[in-house]
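The values are calculated or read from the model by the stated rules, or taken from the named source; none is laboratory data. Only a predicted model underlies this, so the values are computations on that prediction, with no experimental measurement involved. Ideal geometry is used to build each Cβ from the backbone, glycine not excepted, and the neighbour counts take in all protein chains shown. Just the protein is used for accessible areas: all its heavy atoms, side chains included, with ligands, DNA and RNA removed. Shrake-Rupley method; radii C 1.70, N 1.55, O 1.52, S 1.80 Å.
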Amino acid sequence: MSAGGARAYKTRGIVLRGRNLGEADKIFTLFTDERGKIDAVAKGVRRAKSQLAGRLEFVTEATLTMHRGRSLDVITSAEIACAHWNAIVDPAAFATAHVIVELIDAFCETELAMPDIYALLRGALRALAASPDPASLVPRFELRLLGALGFAPESDGCVRCGASLGGVAAWADLEAGGLACERCRPYRADAFALAAADVDNFRGLAAVRDAAVAPAMRATAASARAVDAFVSWHLGKRPKSTTLLDDLAHA
Ligand SMILES: [Zn+2]
């Protein structure tokens, strides 16, 4: 085997985004199963005759043959494992896919293998394709992503004193990282109240490990707002693409 052969490898990857490079190339940010988030270049991909053209679209999952480059790895071939073109034609599905991708991209560092998050991303995209109401998947996805990153909001009991939260109103306590009981209520501008039904809903969503198990479980408006608030807290900003979803919800 030549020295070049040792530099070739295969990986599964999902396309998060791409940007043009030079006249015909493109740099893709991929989330791969073995190496996490990486940037890789596809040479000549913007030429009509390129064999890669159409195989590296947004959120497409592909088996990639890569070649280790000096700075960036090079994608030499791609076989589509799962394309989502039809699924994301719907505006709500499109907006939801963007939220999912933006969060994965923002939270995950480059070259850090995160197989749980690869599985989560893959599962979320597939669930999205099958869902009649894709935007409803976002809060559960966000909770699972926070969980995979070690940021799961505490909701089994009060995050400050451990008191039971069964059937009672509570507060989203972003600083403490979970729900707080009425007694431990945080007096901060970013804390907000959740009615007992919303607390139950939040706890139910947090408890669902597998998106396929309870497809009917939907976040209440207040519960979804609390999940978003925890995400924004850990991210240090509000994700841009969630405004797309808001616009659709209010349209
Ligand atoms: Zn408490």
In debye, nearest 20: dipole of the stretch 101-251 around its Cα centre with unit charges on the Cβ of K, R (+) and D, E (-)?
-> 200
Residue of LEU30, LEU128, LEU165 that the Gaussian network model of the chain assigns the largest fluctuation, springs spanning Cα pairs under 10 Å = LEU165
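By how many nm would the segment from ALA130 to ARG225 grow when fully extended, if each residue of separation counts as 0.36 nm and the alpha-carbon distance is taken off?
Contour length minus the Cα-Cα distance gives 31.8 nm.
Calculate the translational D of the stretch 35-180 in whole µm² s⁻¹ from Stokes-Einstein, where the hydrodynamic radius comes from the Kirkwood formula applied to all Cα pairs, the temperature is 10 °C and the viscosity 1.306 mPa s.
90
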Any chymotrypsin sites (Phe, Trp or Tyr not before Pro) in the stretch 65-170 that lie in a DSSP loop and have at most 15 other Cβ atoms within 10 Å would be TRP85
Helix 91-107: angle to the longest alpha-carbon principal axis of the chain, degrees 0 to 90, nearest 10?
-> 90
Please provide three numbers in whole Å: the alpha-carbon extents of the stretch 42-123 along the principal axes, with the largest listed first.
-> 34, 31, 19
How big is the stretch 8-83 by Rg and Dmax over its Cα atoms, in Å?
-> 10.9, 30
Loop sites in the stretch 156-203: trypsin sites (Lys or Arg not before Pro), DSSP, at most 10 other Cβ within 10 Å = ARG183
Members of LYS49/LYS240; LYS26/LYS240; LYS37/LYS237; LYS37/LYS240 lying beyond 27 Å, as alpha-carbon distances in this model show | LYS49/LYS240
Given Cα pairs under 8 Å that are at least 6 residues apart, what percent is the relative contact order of the chain?
-> 15
State in Å² the accessible area per residue of the chain; use a 1.4 Å probe, count heavy atoms of protein chains only, and round to the nearest integer.
-> 50
Where only C-alpha atoms are counted, convex hull volume of the chain per residue in Å³ | 147
Counting only protein heavy atoms and using a 1.4 Å probe, what share of the accessible area of the stretch 24-105 belongs to carbon plus sulfur, as a whole percent?
-> 49
